[in-house]
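Structure, as structure tokens:
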Amino acid sequence: TVFQCVKSQVIAAMETQLSNGPTCNNTSNGPSTISNNCSSPVESGSIEDSKTNLIVNYLPQNMTQEELKSLFGSIGEIESCKLVRDKITGQSLGYGFVNYVDPKDAEKAINTLNGLRLQTKTIKVSYARPSSASIRDANLYVSGLPKTMTQKELEQLFSQYGRIITSRILVDQVTGVSRGVGFIRFDRRVEAEEAIKGLNCQKPPGATEPITVKFANNPSQKTSQALLSQLYQSPNRRYPGPLAQQAQRFRLDNLLNMAYGVKSRFSPMAIDGVTSLAGINIPGHAGTGWCIFVYNLAPDADESILWQMFGPFGAVTNVKVIRDFNTNKCKGFGFVTMTNYDEAAVAIASLNGYRLGDRVLQVSFKTNKTHKA
DNA sequence: TCCAATT
């Protein structure tokens, strides 16, 4: 069976060479990392590790850098903030960096925002390791795993080769049973290389078949290749003169739309319902989104509770707890701004009457009162 | 047989 393992890899390598067709994978789920895999300065032992710089993973695909800054800005003053995007398509790669002014705010952000549910994702907030080539391309793809192997057992098998940053076993979306494939991300590439040498084509303890261990594909590269491959097949690719450029741009937009549901700022499809309604006086609509009034918050309520309540319903661009100027305690209400009307409406319908502690919340679109009653 | 983890 070891021979079969090697043979299957040779065939797989051939197929990789041959297949450049478009792909569409929108089936990603949230993270399922066991244990605390945060890279803290203490764990990595380097005195030079930043205590203010955070990496944020598993962000929703449609989340913008402004929304990221708004979310983490509710904790404390931000020095800089960056959402990482694909260099070619501009698509969010689902992670970003937040650098605080005060290390205490970075710690607070980990404690309050790590594990926050946003739409279909559960975000991960941890200290960013110092950027270096040695930590890149340290992700392994593992296949042929026994269906009974757990994530913990997978980590135990690989942990002898280095520090594991994340691990995951893919499961059937319907049955929840293991698909026998997974991922292991090590702290360093050299650790991943050693794990391949030690575990590829080997049988895990108790297993009847050997596993395959190799470097994982880079999802962002795959995205770019699929899109460029389609662009290359367009009829006017041989004459990329001035006239063709607008069409190319348009074509790329349509490809992005079809493949990923993207509405880029160049596309006519970016003109959605909210944009076309701008200027019309509608309750709760503030031009930049839909403002929601939240009443009956506790005196100690803070912004994070609003993010936690409204974030799962869709794109939230801003939250604010109204506080007494002198006591700094919440005056019992706050506001949430959401980008999309539909998501705001569902959030209101779901959260109005919601019991938070011993209080029943009142949630509605903000009304436009010009004077006090 | 592939999840958006290093600016």
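The values are calculated or read from the model by the stated rules, or taken from the named source; none is laboratory data. Small disclaimer: the values here were computed from a predicted structure and weren't measured. Cβ coordinates were reconstructed from backbone atoms using ideal geometry, including for glycine residues, and neighbour counts include every protein chain displayed. Ligands, DNA and RNA are stripped out before the accessible areas are found, and what is left, the full protein with its side chains, is counted by its heavy atoms. Shrake-Rupley method; radii C 1.70, N 1.55, O 1.52, S 1.80 Å.
The criterion of at least 1 residues that are open to solvent by less than 70 Å² (accessible area, probe 1.4 Å) and at pLDDT 90 or above is met by the following helices (runs of 4 or more DSSP H) wholly inside the stretch A:255-373: A:303-310, A:341-351.
Residues are listed down the side, and each one gets a yes or a no for (1) within 13 Å of DNA strand B (Cβ to nearest atom); (2) buried (at least 18 other Cβ atoms within 10 Å of the Cβ); (3) of a type in the set (Lys, Arg); (4) more than 30 Å from residue A:307 (Cβ to Cβ):
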| position | (1), (2), (3), (4) |
| --- | --- |
| A:121 | yes, yes, yes, no |
| A:160 | no, no, no, yes |
| A:172 | yes, no, no, yes |
| A:178 | yes, yes, no, yes |
| A:182 | yes, yes, no, yes |
| A:196 | yes, no, no, yes |
| A:206 | no, no, no, yes |
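Here the condition is being within 21 Å of the chain's Cα centre (by Cα), over 25 Å from residue A:193 (Cβ atoms) and in a strand (DSSP E or B); of A:90, A:94, it holds for A:94 alone. When every residue of the stretch A:136-157 is checked against the conditions, none turns out to be within 10 Å of DNA strand B (Cβ to nearest atom), surrounded by 19 or more Cβ atoms within 10 Å (Cβ to Cβ) and not assigned by TED's automatic domain parsing to the domain that holds residue A:200.
State yes or no: is residue A:28 at pLDDT 90 or above, outside the structural domain of residue A:315 (by TED's automatic domain parsing), within 8 Å of DNA strand B (Cβ to nearest atom) and in contact with a strand residue (DSSP E or B) (Cβ under 9 Å, 6 or more places away or on another chain)? Explain how you work it out, then say what you get.
Values: at pLDDT 90 or above: no; outside the structural domain of residue A:315 (by TED's automatic domain parsing): yes; within 8 Å of DNA strand B (Cβ to nearest atom): yes; in contact with a strand residue (DSSP E or B) (Cβ under 9 Å, 6 or more places away or on another chain): yes.
Judged against the criteria, residue A:28 is not a match.
Residue A:106 meets each of the listed conditions (1) more than 10 Å from DNA strand B (Cβ to nearest atom); (2) open to solvent by less than 30 Å² (accessible area, probe 1.4 Å); (3) over 30 Å from residue A:310 (Cβ atoms) apart from (3).
When residue A:164 is tested against (1) of a type in the set (A, V, I, L, M, F, W, C); (2) under 15 Å from residue A:57 (Cα atoms); (3) within 10 Å of DNA strand B (Cβ to nearest atom), just one condition goes unmet, and that condition is (2).
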